[in-house]
Amino acid sequence: MRGPVPGLASPHPVGPELPGLYQDDAFAQGFVAALDEVLAPAFASLDTLDAYLDPLLAPEDFLDWLAGWVGAALDQTWPVERRRAFVASAVELFRLRGTATGLAAHVAIFSGGEVEVVESGAAGWSGQPNAAIPGEAAPDLLVRVRVADPEAVDAARLDALVAGAKPAHVPHRVEVVRA
């Protein structure tokens, strides 16, 4: 429950629901009016529960709780729009975790820039025996981020994000360049 909201009217006041004996009793009506004031925020929260569960609509202080539902850790230094976008896309990002597409999307949300992922691996198929294997034998990953102000991106945190979102056995490099 979010807490009391001064002046919030209850959509379901208790007073009119009392037996006829208490309809004209000022004490009984005053007593249940106080209950209405306490219950009104609970009714309001339940009536708008769908908005609380939508990261694009939820109150800002509720985003951490939603992030916990999907196993995402929010960075409190991000603007609220970026935190909302991360929570909204967290399930999809984790589904794509370990792929170039997922890594690029994750880094784009973190940096707010244009991301290019260059990897040495590849997959291919050939009808010819002993065909050339695509890619390179040594694993390598380059993540290049183009942003308007490279100094505004925390390179150490970006490197840690890439390290956590890429396959563990692949060495990586991160470049932050001006767009």
Under Karplus coefficients 6.51, -1.76 and 1.60, residue-wise ³J(HN,Hα) of the range 48-63 in Hz, glycine/proline x: 10, 4, 4, 5, 5, 8, 9, x, 7, 10, 4, x, 4, 6, 8, 4
Hz values of 3J(HN,Hα) by residue in the range 156-171 - Karplus curve (6.51, -1.76, 1.60), Gly and Pro given as x: 5, 6, 5, 4, 5, 5, 5, 4, x, 9, 9, x, 4, 7, 9, x
Ascending count of other beta-carbon atoms within 10 Å, so fewest first, for 83, 178, 146: 178, 146, 83
Chymotrypsin sites (Phe, Trp or Tyr not before Pro) restricted to DSSP loop in the range 63-170 with at most 14 other C-beta within 10 Å: 125
Pairwise label distance in nanometres, residue 12 with residue 69, each label 7 Å out on the Cα-Cβ vector: 2.1 nm
Among 101, 74, 126 - extreme Cα towards positive end, dipole of the chain, charges at beta-carbon: 126
The chain: antiparallel DSSP beta bridges as a percent of all, rounded to 5: 45 percent
For the chain, alpha-carbon Rg relative to the globular expectation (2.2 N^0.38 Å, N residues): 1.69
84, 95, 144 arranged by Cβ crowding within 10 Å, fewest neighbours leading: 95, 144, 84
Cβ-derived FRET efficiency at R0 25 Å, residue 5 paired with residue 82, nearest 0.05: 0.30
Inter-site label distance for residue 169 and residue 61 at 7 Å from Cα along Cβ, in nm: 4.8 nm
Ranked 64, 36, 24, criterion: other C-beta atoms within 10 Å, fewest first: 24, 64, 36
Fully extended contour minus Cα-Cα distance, from residue 99 to residue 27, at 0.36 nm per residue: 19.3 nm
Note, ³J(HN,Hα) from phi for the range 13-18, Karplus 6.51, -1.76, 1.60, rounded to Hz, x at Gly and Pro: x, 7, x, x, 8, 5
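FYI, it's all coordinate maths here, none of it is from the lab. Model, not experiment: these values are computed from the prediction. As a convention, Cβ positions derive from the backbone with ideal geometry for all residues, glycine included, and neighbour counts pool all protein chains shown.
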